[in-house]
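What follows is a single structure, written as structure tokens, with notes after it.
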Amino acid sequence: MPALDAHHLRPVDPAALAPATANATPPRILLLYGSLRARSFSRFAAEEAARILERLGAETRTFDPTGLPLPDDAPADHPKVAELRDLVSWCDGMVWSSPERHGAMTGIMKAQIDWIPLSLGAVRPTQGKTLAVMQVSGGSQSFNSVNQMRLLGRWMRCLTIPNQSSVPKAFQQFDDNGRMKPSPYYDRIVDVMEELVKFTLLTRDIRDHLVDRYSERKEAGEALIARVRETAGA
């Protein structure tokens, strides 16, 4: 195998996939939603998801995108940008809940994701963290927004869980107080949150092992060799 650098290839260690001591703290879940309307169904769905997560033993925080500037229209130390990035660093997993507008997720949802960097110094704040995606629609059931968010979740190196939620005719699914009515759509959100908690508990303690990559070990090794050679020649 002439293309393989055997020095940087490591055998998969089954023992590393089952840590001896499990983290006993509640899984920490950040929820993002994609509408600023006073009666925002994506926010209502996220709030229902948070209630379910807390019932399942998770700790939740929800980011309010009000006042978040457009990407590149403010410095990274803008208070809302800093708040969002701190929450992403804090969490073990996330829920993204967006309306579908013009056949796609909203710009508000995308702006939040765009403000989340792939790296903060040596830390990759989303890599290996779990993600659940949900959408609400004003009309018939659609999956455009959840499909787009899945693509973004993969780009952000998240572990996006298999299940998802899509709520059609959302105006019929919530009461005047913003609480979701009993329905198969509510039951699906419960399913998704159960799965998110399970996947988070399964993966958070072994996140570093799961995302340890041959290509990055090889690149880091080559950088070290180059630095040593440069120092030796100085």
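The values are calculated or read from the model by the stated rules, or taken from the named source; none is laboratory data. Keep in mind it's a predicted model, so treat the numbers as computed, not measured. Cβ coordinates were reconstructed from backbone atoms using ideal geometry, including for glycine residues, and neighbour counts include every protein chain displayed. The accessibility values were calculated without ligands, DNA or RNA, using every heavy atom of the protein model including side chains. Shrake-Rupley method; radii C 1.70, N 1.55, O 1.52, S 1.80 Å.
How about the range 119-136: which of its residues are in a loop (DSSP other than H, G, I, E, B), open to solvent by 30 Å² or more (accessible area, probe 1.4 Å) and among the β-branched types (Val, Ile, Thr)?
Selection gives nothing.
Go over the candidates LEU53, LEU31 one by one and state the one that is under 16 Å from ASP114 (Cα atoms), outside any loop (DSSP other than H, G, I, E, B) and either modelled with pLDDT of 95 or more or touching a Gly at 6+ places or on another chain (Cβ under 8 Å) (or both).
LEU31
Condition first: modelled with pLDDT under 85 and surrounded by 13 or more Cβ atoms within 10 Å (Cβ to Cβ). Now tell me which residues in the range 17-28 satisfy that.
Within the range 17-28, LEU17 is the sole residue that qualifies.
Conditions (1) closer than 24 Å to GLY121 by Cα; (2) surrounded by fewer than 20 Cβ atoms within 10 Å (Cβ to Cβ), marked per residue:
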residue: LEU30; (1), (2): yes, no
residue: GLY34; (1), (2): no, no
residue: SER40; (1), (2): no, no
residue: ARG43; (1), (2): no, no
residue: ALA46; (1), (2): no, no
residue: THR66; (1), (2): no, yes
residue: PRO75; (1), (2): yes, yes
residue: ASP86; (1), (2): yes, yes
residue: TRP90; (1), (2): yes, yes
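Just wondering, is there one or more residues in the range 157-176 that are at pLDDT below 95 and either out of contact with any helix residue (DSSP H, G or I) (no Cβ under 6 Å at 6 or more places or on another chain) or among the acidic types (Asp, Glu) (or both)?
yes
List the residue pairs whose Cβ atoms are under 7 Å apart, where the first residue sits in the range 137-163 and is over 16 Å from VAL95 (Cα atoms), the second is part of a helix (DSSP H, G or I), and the two are 6 or more positions apart or on different chains.
SER137/ALA170; GLY138/ALA170; GLY138/PHE171
Could you pull out the residue among PRO99, PRO71, PRO65 that is in contact (Cβ under 8 Å) with a residue 12 or more places away in the chain, in contact with a strand residue (DSSP E or B) (Cβ under 9 Å, 6 or more places away or on another chain), farther than 15 Å from SER119 by Cα and part of a loop (DSSP other than H, G, I, E, B)?
Criteria check complete, one pass: PRO65.
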